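The values are calculated or read from the model by the stated rules, or taken from the named source; none is laboratory data. Predicted model only: the values in this text are computed from it and were never measured. Note that we place each Cβ from the backbone using ideal geometry, even for glycine, and neighbour counts take in every protein chain shown.
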Number of protein chains: 2
Amino acid sequence: MSSEENKYIEEINPNHFSVKYDVNSLDFSEKGPFQKVEVYSTKGHGKMLLNDDLVMISERDEFVYHDMISHVPLFSHPCPKKVLIIGGGDGGTAREVLRHESVEKCVMVEIDELVVNACKKFIPQTSISFKNSKLELLIEDGVEYIKNTKEKFDVIIIDSTDPIGPATPLFNSDFYGNVYKALSDDGIVVSQAESPFYEQKMQKKLFEILNELFPIVRMYNYSNITYPGGLWSFTFASKKIHPTKDFDASRVEKSELEFEYYNAKIHGASFCLPEFMLKNLRN
Amino acid sequence: MSSEENKYIEEINPNHFSVKYDVNSLDFSEKGPFQKVEVYSTKGHGKMLLNDDLVMISERDEFVYHDMISHVPLFSHPCPKKVLIIGGGDGGTAREVLRHESVEKCVMVEIDELVVNACKKFIPQTSISFKNSKLELLIEDGVEYIKNTKEKFDVIIIDSTDPIGPATPLFNSDFYGNVYKALSDDGIVVSQAESPFYEQKMQKKLFEILNELFPIVRMYNYSNITYPGGLWSFTFASKKIHPTKDFDASRVEKSELEFEYYNAKIHGASFCLPEFMLKNLRN
């Protein structure tokens with residue numbers, strides 16, 4: 001934050017660039033046991049949530065990320081009833097998951113209550129989901145939860161921050177072994193998978209971890225405004241369901257849900273990867 | 001540019017944000033009759049060309065833009081022999097166009113010799129195309145050229161800067177009327193069409209101009225690192241050829257060309273637009 005006359009936040013990327021956003025005010029700032037959590041009112045992008053100085057969501061473009069992390073697995077699965085979200089403390093993923101009529105229960109396991117409370121107070125656009133009676137919100141470590149749960153889920157969504165700080169254990173093979181066990185026979189897991197331009201090694205490692213466990217593993221892409229580097233990815237892994245071959249586009253078209261980013265064509269298109277990503281994942 | 005110890009360039013976006021790139025040195029800077037032209041050596045993105053303080057290309061990611069502006073129309077057209085580029089002074093588009101064996105002649109009309117000369121001297125990665133004998137480089141106003149030319153082209157590529165400064169006349173209907181006349185019966189024109197998040201009005205206007213002239217008009221997307229806002233677009237307009245229905249994917253697969261971004265699946269996927277773009281173009 002600079003002087004009062006010219007307020008901005010600056011997100012510094014390790015790849016020799018940074019992005020500055022003009023802000024009106026800092027609405028919330030607290031350093032908790034896991035990370036520093038801040039909410040700003042920005043000039044061009046609505047409310048913005050930052051964990052440890054990294055932009056998590058902005059009201060202006062959160063629809064892109066939340067559409068793509070939710071509707072791709074939920075429209076790939078023929079009838080998702082039980083959904084688990086690990087992370088996702090702002091509530092945006094739960095909001096989109098709970099729009100699907102088939103969903104009977106959504107468990108959300110967020111390690112950091114500070115994120116939930118900050119969003120409840122300052123970002124109702126995403127935290128509105130916390131009022132939904134089908135949501136079971138648990139404030140605990142997702143790694144421990146997934147190790148110990150006896151429940152089976154149709155869809156598990158790993159809506160994590162970057163693989164530094166509290167999310168580090170979410171990027172390893174023990175964790176995904178437990179995810180596999182907690183999935184139903186036709187279960188799907190989707191995970192936040194960073195930037196293909198800047199995080200090729202991490203993407204490849206996550207892809208390999210999933211390939212050792214699941215018969216079907218793919219990566220899919222999206223682009224929003226506030227994640228630096230343009231193109232960003234999710235992984236999709238499943239015991240049975242192929243994300244495009246088993247996808248019934250007519251279900252999206254017949255659905256009464258309206259989206260700002262997702263549609264049946266974007267679903268298929270997002271799995272078409274540029275050559276440099278294919279080369280990285282192949283080698 | 002800040003102090004010597006901590007050098008950076010900062011691209012300021014009118015939408016309340018800016019992007020800073022760490023630089024090693026400023027290699028070229030000159031204010032010409034059309035615009036200020038600069039070349040920097042950056043720390044994470046190779047050489048970078050800026051016109052009037054806006055990033056035009058970086059060596060790190062220029063392959064995305066140049067693949068998508070060139071190979072989409074050239075693989076849509078069954079046999080492109082004559083290609084016209086308006087703008088494109090760095091040479092990257094011509095480089096990709098001239099990789100197609102069917103191309104017998106590529107005319108490039110760049111208004112600003114300063115851009116060409118700066119790139120010739122400092123960015124051989126893109127300006128290598130100026131050595132190709134099939135390239136006819138004209139330093140003149142593309143608007144006047146297209147008004148007066150008697151030639152017919154199979155593909156015309158409008159590789160322009162933003163619709164401010166010298167590129168402003170490239171975003172109007174007189175210009176596209178002349179483009180139409182300079183296209184062969186199965187001709188295709190592709191144009192740089194800005195950001196769908198930030199330039200919705202401009203995208204809609206360009207789409208409408210093209211729709212008044214051409215029976216087939218589509219928009220397609222790509223994402224690179226250095227164009228702010230994540231997602232960016234091109235328009236595709238043609239007298240006869242549909243960019244996906246008439247596209248023969250096997251031509252790409254059989255071709256001996258290798259790409260870093262483009263492939264047959266990306267070709268089709270890039271025309272699948274997110275809902276907010278469809279709504280904007282429909283209304």
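When every residue of region B:38-50 is checked against the conditions, at least one turns out to be within 24 Å of B:Val190 (Cβ to Cβ), in contact with a helix residue (DSSP H, G or I) (Cβ under 7 Å, 6 or more places away or on another chain), at pLDDT 95 or above and away from every other protein chain (no Cβ under 11 Å). Of all residues in region B:27-75, those that are touching a strand residue (DSSP E or B) at 6+ places or on another chain (Cβ under 9 Å), assigned to a loop (DSSP other than H, G, I, E, B) and in contact (Cβ under 8 Å) with a residue 40 or more places away in the chain total 8. Pick from region B:232-283 the residues that are among the hydroxyl-bearing types (Ser, Thr, Tyr) and part of a loop (DSSP other than H, G, I, E, B): which of them is nearest to the other protein chains (Cβ to nearest Cβ)? So, considering only residues that are among the hydroxyl-bearing types (Ser, Thr, Tyr) and part of a loop (DSSP other than H, G, I, E, B), the one nearest to the other protein chains (Cβ to nearest Cβ) is B:Tyr261. Reported count of residues in region B:236-252, each being within 26 Å of B:Glu59 (Cα to Cα) and surrounded by fewer than 22 Cβ atoms within 10 Å (Cβ to Cβ), is 1. Tell me, please, whether a residue that is away from chain A (no Cβ under 14 Å), among the polar types (S, T, N, Q) and over 18 Å from B:Phe122 (Cβ atoms) can be found in region B:2-24. Yes, some residue in region B:2-24 is away from chain A (no Cβ under 14 Å), among the polar types (S, T, N, Q) and over 18 Å from B:Phe122 (Cβ atoms). Return yes when B:Asn178 is surrounded by fewer than 23 Cβ atoms within 10 Å (Cβ to Cβ), among the polar types (S, T, N, Q), farther than 30 Å from B:Ser102 by Cα and in contact (Cβ under 8 Å) with a residue 24 or more places away in the chain and no when it is not. So B:Asn178 does not fit the description; no. Filtering region A:115-124 for residues that are among the polar types (S, T, N, Q) and either modelled with pLDDT under 95 or surrounded by fewer than 20 Cβ atoms within 10 Å (Cβ to Cβ) (or both) leaves a non-empty set. Take the residues in region B:194-231 that are in contact (Cβ under 8 Å) with a residue 60 or more places away in the chain and in a strand (DSSP E or B); name whichever of them is farthest from the other protein chains (Cβ to nearest Cβ). The residue in question is B:Met219. Taking the conditions exactly as written (within 11 Å of another protein chain (Cβ to nearest Cβ), closer than 30 Å to A:Gly187 by Cβ and among the aromatic types (Phe, Trp, Tyr)), does A:Phe34 satisfy them or not? Spelling it out, it is not the case that A:Phe34 is within 11 Å of another protein chain (Cβ to nearest Cβ), closer than 30 Å to A:Gly187 by Cβ and among the aromatic types (Phe, Trp, Tyr). In this structure, does B:Ser29 turn out to be within 24 Å of the chain's Cα centre (by Cα), surrounded by fewer than 17 Cβ atoms within 10 Å (Cβ to Cβ), modelled with pLDDT of 95 or more and closer than 19 Å to A:Ser18 by Cβ? No: the conditions fail for B:Ser29. For A:Ser191, the stated conditions do not hold, so it cannot be described as under 12 Å from A:Val72 (Cβ atoms), assigned to a strand (DSSP E or B) and either modelled with pLDDT under 95 or in contact with a Pro (Cβ under 9 Å, 6 or more places away or on another chain) (or both).
In region A:113-129, the residues that are under 10 Å from A:Phe28 (Cα atoms) and among the hydrophobic types (A, V, I, L, M, F, W, C) form Cβ pairs under 7 Å with partners that are in a helix (DSSP H, G or I) and at pLDDT 95 or above, at six or more places apart or across chains, as follows: A:Cys119/A:Thr126; A:Cys119/A:Ser127. The number of residues in region B:215-265 being over 25 Å from B:Asp162 (Cβ atoms) and of a type in the set (Phe, Trp, Tyr) comes to 2. The single condition among (1) in a strand (DSSP E or B); (2) over 15 Å from the mean Cα position of the chain (by Cα) that A:Ile85 does not satisfy is (2).
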